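Data first, discussion second: the structure below is written as structure tokens.
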Amino acid sequence: MKRTLVWTSLLLALPACGDDTTNAEGGVDTEATDTGNGPGSSPTTSEDTTGSVAETEDDTTGTADATDTDEPTDTDGEPPPMAVLDHIGGGQPGALELAGSHAYTGIGPRLVVWDLSDSSAPTQVGGTEPLPGLVTGIAVHGQIAYVSLWLDLEGSVVMLDVSDPHAPALMGTVDYTNSAFSLPTAVRIDGDTLFVSDMEVGIVSLDITTPDQPAVIDTLEVFGVTDIVVSTGQLRYRAGAFIGGDAVGTVTHLGGVMLEIGSTSLPDMGLDIAFDGDRVYNAGLFGFFAYDLSDPEMAMTVFSDEAMGSAVAAADDVAYNFGDGLTVFDFTGAQPAVGPTVDAPTGRAAVTSIDGGRLVGLTELGVGLVFDVSSPSTPSSEGVFELPVPAPTAAVVTSAGLAFADFYTGLRIVDPRGASVGRFQVEGAQVGVEDLDVVGDLAYLADWSSGLYIVDISNPASPTLVRHVVTPGHPSSVSVAGNYAYIGESTNGGSVLVVDVSDPAEAAIVAGVSATHVFGLVHRDGFVYVADQAVFDIGGMRVIDVSDPTNPVQAAHYTTCDSALAVALDGDRAFLACTSDELHIVDISTPSAPVLEQAVPIDGHGVWSVAAADGLAWVGYGMGIAELDVSTPGSAQTLYDYPTAIRVQRLVVTPDGVLGIAGMAGTYRLSR
């Protein structure tokens, strides 16, 4: 019997504001509220909102608190559900709000709070449990933070009590739309009015005179809105243009009632824009541009510069371009002036915020930056701080804690609590680290853009490069056994490469065999089992005989599942994550003749990853992790679903549980 697990600290176990389950003191009573996150979700009856896990049976005939049992199995003889031990590995920076001496940041599916009292050494002081979606916007109003969350087409806005920044606590949800689809992208505040931008709904204004009971005032239907900036009586929005690039619009608002007075497309494509009065700034790969929006229906170019940038912030007629350092563009005089460039690790800045004399930026490379802009045209760097792993793609347990492959940067090592220990930066304009393996004091990184990196991690605080092996294709996976590393390549023709690492400093490719589009592989007992996606040819699972590593030979090609994204082994069985939304369990007792044992349908926006151990299997799907009992051949059944904010692209079995690695949403750690 499948049971859907819901984190009762999440939105979906909380009533919308104004719901009759709100108690007289303004608190939230979570009894018998509806959920809907993840396949087969059903009502929860838990009243614990501290981040514990509650379970419900699909037939709703009974409930149980997953944290109450002291037995190794429940009353049905099943293992008890795992608890969300914590969330590590961070996630992509998605939002940033400065309020007083604190920076409220959206890191993957969490709100993380930093103390900036000492700008030279910002410290993380608090954060939430994983929220039901990626954080896309934050607006702080007194003791409440309004946070927008992206979750496929079921996004939401939640309220958090931040009266104690060390312990942000969920209060409830903001009921801003009745639409079946919602993709909130930003939240902003002007006085006692909250504005929500949503790519599906448009722009919604809400009265927050009573902050914990927002009430809808008006909705402006604008499709594809990605950001908004508000000021007294006026709102500017950014949206996708039909011909590419950005459209910008101008809206007046009085008491929350909105009226659009004009919109136009920007003539140049960029990565980020910033509004400042009647001017809009555009930063991107083609340079920096400034436009006059005095006429809301015509963006007139008034300045351009070849300086590339990934993000831009602006205030009081001064723009700050995050490119190769922080470059100042001063528009306070009669003619625009290019100011100094501050040397700082600003590459791939994702989000920025400016408040008074302080400018903060967060980068996809896992770095936070603080600048003093009290003298706007001559900023100075005040502090640099480490963010959690921004885009984890794989992980391995090490003596120091965990080694992560980070897509944008390379190798990150964290302690068991998730705190950064050390990093190795892969150099290059197109870094794309997709997998790693660790053997002893060596980490092997599969970098999609440039090959295999072998890194010495004997000193976790200071990893050092041992060898870079350039490969002919694009590596997506790596498995090391004995004196050889096996590399799976994907784009532009797949292959499995054999690299001799007997002397890591002289590692070299010695052989290879063709595949289609390799997404994952694992070595065992002289065979490499390959998950191969169908691209221009049939994929499935290839079994490569590497008993002679210098002469690999395909021993079998299992095509009942003709397109696979991941493979795991447990005993004499292989577990394949198939793009047909199925888990195939395959008998490999004879490796050269794999036979289907059972195909298990997985309902949940695609099957992406798989892990297996001791009669249990875990499948990462589009919005969560499914746990299955596979102890009886041919009779696999799903036991539990654990919801996540985005697809889980890799699963790792650890001594005390399972890691669900979700890229932009960071890493979920489950444990019994």
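The values are calculated or read from the model by the stated rules, or taken from the named source; none is laboratory data. All values derive from a computational prediction rather than experimental measurement. Note that each Cβ is placed from the backbone with ideal geometry, even for glycine, and that neighbours are counted across all protein chains shown. For accessibility, only protein heavy atoms count, side chains too; no ligands or nucleic acids. Shrake-Rupley method; radii C 1.70, N 1.55, O 1.52, S 1.80 Å.
Just a few scattered comments:
- Simple spin-label estimate for MET298 and SER458 in nanometres, 7 Å along Cα-Cβ: 7.0 nm
- Separation of the SER631 and THR378 label points, Cα + 7 Å toward Cβ, nm: 7.3 nm
- Put the Cα centre of the range 584-598 next to the Cα centre of the range 601-672 and the gap is 21 Å.
- Residue-count net charge about LEU359 - beta-carbon cut-off 10 Å; Lys, Arg +1, Asp, Glu -1: -2
- For the range 426-505, size of Cβ-based charge dipole, Lys and Arg +1, Asp and Glu -1, in debye: 60 debye
- Label zone (SER547, point 7 Å along Cα-to-C-beta; backbone nitrogen cut-off 18 Å) within the range 508-534: 523-529.
- Were the residues from SER231 through ASP537 laid out at 0.36 nm apart, the gain over their Cα-Cα distance would be 104.6 nm.
- Extending 7 Å from Cα along the Cβ direction at VAL338 and again at ASP86 yields two label points whose distance is 4.6 nm.
- Sorted largest first by accessible area at a 1.4 angstrom probe radius, with every protein chain in place, the residues SER450, SER374 fall in the order SER374, SER450.
- Accessible surface of VAL257, taken over heavy atoms with a 1.4 Å probe and every protein chain present, rounds to 80 Å².
- In percent, rounded to a whole number, the relative contact order of the range 531-657 is 16, using alpha-carbon pairs under 8 Å and six or more apart.
- Computed over the chain: relative contact order in percent, which uses C-alpha pairs under 8 Å that are six or more apart: 9 percent
- Here the calculated FRET efficiency for SER502 and LEU254, from their Cβ-Cβ distance with R0 = 60 Å, stands at 0.20, rounded to the nearest 0.05.
- Rounded to the nearest 10 square angstrom, MET269 shows an accessible area of 120 square angstrom against a 1.4 Å probe.
- Positive minus negative residues near PRO463 (Lys, Arg vs Asp, Glu; Cβ under 11 Å): 0
- Accessible surface, the range 390-458, averaged per residue in Å² (probe 1.4 Å): 32 Å²
- Among 533-540, 618-625, the order from most to least packed when residues are scored by Cβ within 10 Å on average: 618-625, 533-540
- The solvent-accessible area of TRP448, taken with every protein chain present and a 1.4 Å probe, is close to 70 Å².
- Extension gain, ASP207 back to ARG524 (0.36 nm per residue minus Cα-Cα distance, nm): 108.0 nm
- Remark: the range 555-602 projects, on average over all directions, an area of 3.0 nm² (convex hull of Cα atoms).
- Rg [Å, one decimal], Dmax [Å, integer] - the chain, C-alpha atoms: 25.8, 79
- On the principal axes of its alpha carbon atoms, the range 387-532 extends 40, 29, 24 Å, with the longest extent given first.
- With Cα atoms defining each centre, the range 308-374 and the range 467-489 are spaced 39 Å apart in the structure.
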